[in-house]
Amino acid sequence: MNVQFTSRADRDYDGLPLRLQRAVDKQLDFLREKPENLRHPSIQAKKYSERDDVWQGRVNRSYRFYFQIVGDTYLILRIIPHPK
């Protein structure tokens, strides 16, 4: 699988501290390895919006990334603090 960032996700990523960027990279590399890693406990991916076909994945306890699956690509939409 491939990973592609929207321009908004690029800005989100660029605004993160280096340690969070590394955590995002680790999670996305994990997803890239095997599609079944979508269900891995460290990512805890789940459907966020059925209507818009948007998924939510975990970066860490405080941050989430939102994405769509388009063919063989994970399209990263946002990387934001977890709305608790």
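The values are calculated or read from the model by the stated rules, or taken from the named source; none is laboratory data. The shown structure was predicted, so the numbers you read here are calculated from the model rather than taken from an experiment. Cβ coordinates were reconstructed from backbone atoms using ideal geometry, including for glycine residues, and neighbour counts include every protein chain displayed. With ligands, DNA and RNA removed, areas are computed over all heavy atoms of the protein, side chains included. Shrake-Rupley method; radii C 1.70, N 1.55, O 1.52, S 1.80 Å.
When the chain is described by a simple charge dipole with +1 on each Lys and Arg Cβ and -1 on each Asp and Glu Cβ, the residue from Y13, V24, P41 located farthest towards its positive end is P41. Checking [x] 17.9, 50; [y] 11.6, 34; [z] 27.1, 90 against Rg and Dmax of the Cα atoms in Å calculated from these atoms, the matching label is [y].
In straight-distance terms, cross-link reach from K26 covers every one of the lysines whose alpha-carbon lies under 20 Å from its own, apart from those fewer than eight places away in the same chain; here that gives K34, K46.
Under the criterion of Cα pairs below 8 Å and six or more residues apart, the relative contact order for the chain equals 33 percent. Rounded to the nearest 20, the Cβ-based charge dipole of the chain about its Cα centre (Lys and Arg +1, Asp and Glu -1) stands at 440 debye. Heavy atoms of the protein chains alone define the surface here; on that basis the chain has 62 Å² accessible area per residue at 1.4 Å probe size. Taking packing as the residue-averaged number of other Cβ atoms within 10 angstrom, the listed peptides 66-78, 12-24 run from highest to lowest as 66-78, 12-24.
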